[in-house]
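Reading through the structure tokens given below for one structure.
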Amino acid sequence: MRISTFVYCVKQGIVNICRNILFSLASMATISACIFLFCLFFAIAANVRNAALTAQNTLGITVFFDESLDDEQIEALGEQIASWGEVREMDFTSAKEAWESFKEVYFQGDEELASSFEEDNPLAGSASYTIYLNDIEDQSQVVARLSAMDGVRKVNSSDTAAMGLSTAGKIVGILSFVMIAVLLAVAVFLISNTISTAAAFRRRENEIMRLIGATNFMIRAPFVVEGVLLGLFGALIPLGGMYVLYGRAVSYMTSHFQIVTDVFEPLPMGILFPYMSGVAMCLGVGIGFFVSFFTIRRHLRV
């Protein structure tokens, strides 16, 4: 394509947008709303996923064994558990290590009180394994298997956190799909009407162009450019807004909800934005291109 042809198509696409400014603004607003919701749910889903990954690395299942078991039996049970596919890694804490940790926390500053237990470890039967999973959604299944094992006395787990993260991820996914699908349908309808109206305005001009030998490409390209521009502007606006709003939201949470951010640190925009902007631009430009392309083929008869 020659540069002059490209410039002509872009110029005529802009003329079409200005000529049908109300339809164009409505189309851009709908695409912007759709892409903004996509960006919003993308950010939420990414942070929920990041929280789940953080939980997988920090929230473990602690398994305590019957006091009658010796070290070799506990080790054998540990090897059996480690062979499960759901298990990523395990940490062993002996009864002596458990007592040392307990003393550091509860007898800090009063070490003389702890010295009376030197010959009699109160936590003699507290040897345990802390288990970290590949996927936190498998926690309830793994806890059930552990509880059913012979020699296991007690299993501690964070079921509420695991279920909460799993449920939150599913809800975000369902809401994202439904709301974006509805807005996409509205955006397709509005862009189609915008292109059809532009074709009606330029019908006489298009007939003249055909009579003087213009190709189908030269006649249809400005309308496709119009659709692409509507999608492009419809994507750029929400991306800019999301960039600013997300940064402020993270700053607000860091300042006012430090307890939460210390546990689950929000993803920085520098990590989210490249993926978010790439998908959003493809979504906006793709909608504009395909809707305008098929609409102009269907409605333009010259």
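Computed quantities for the displayed model
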{"read-out": "Residues within the stretch 62-85 that are over 39 Å from the mean Cα position of the chain (by Cα) and either farther than 18 Å from Asn156 by Cα or open to solvent by 40 Å² or more (accessible area, probe 1.4 Å) (or both), tallied", "value": "10"}
{"read-out": "Test: residue in the stretch 204-220 that is assigned to a helix (DSSP H, G or I), open to solvent by less than 20 Å² (accessible area, probe 1.4 Å), modelled with pLDDT of 75 or more and more than 19 Å from Gly288 (Cα to Cα)", "value": "no"}
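The values are calculated or read from the model by the stated rules, or taken from the named source; none is laboratory data. Bear in mind that the values here come from a model prediction, so they are computed numbers and not experimental data. When the accessible area is computed, the model is the full protein with side chains, heavy atoms only, and any ligands, DNA or RNA have been set aside. Shrake-Rupley method; radii C 1.70, N 1.55, O 1.52, S 1.80 Å.
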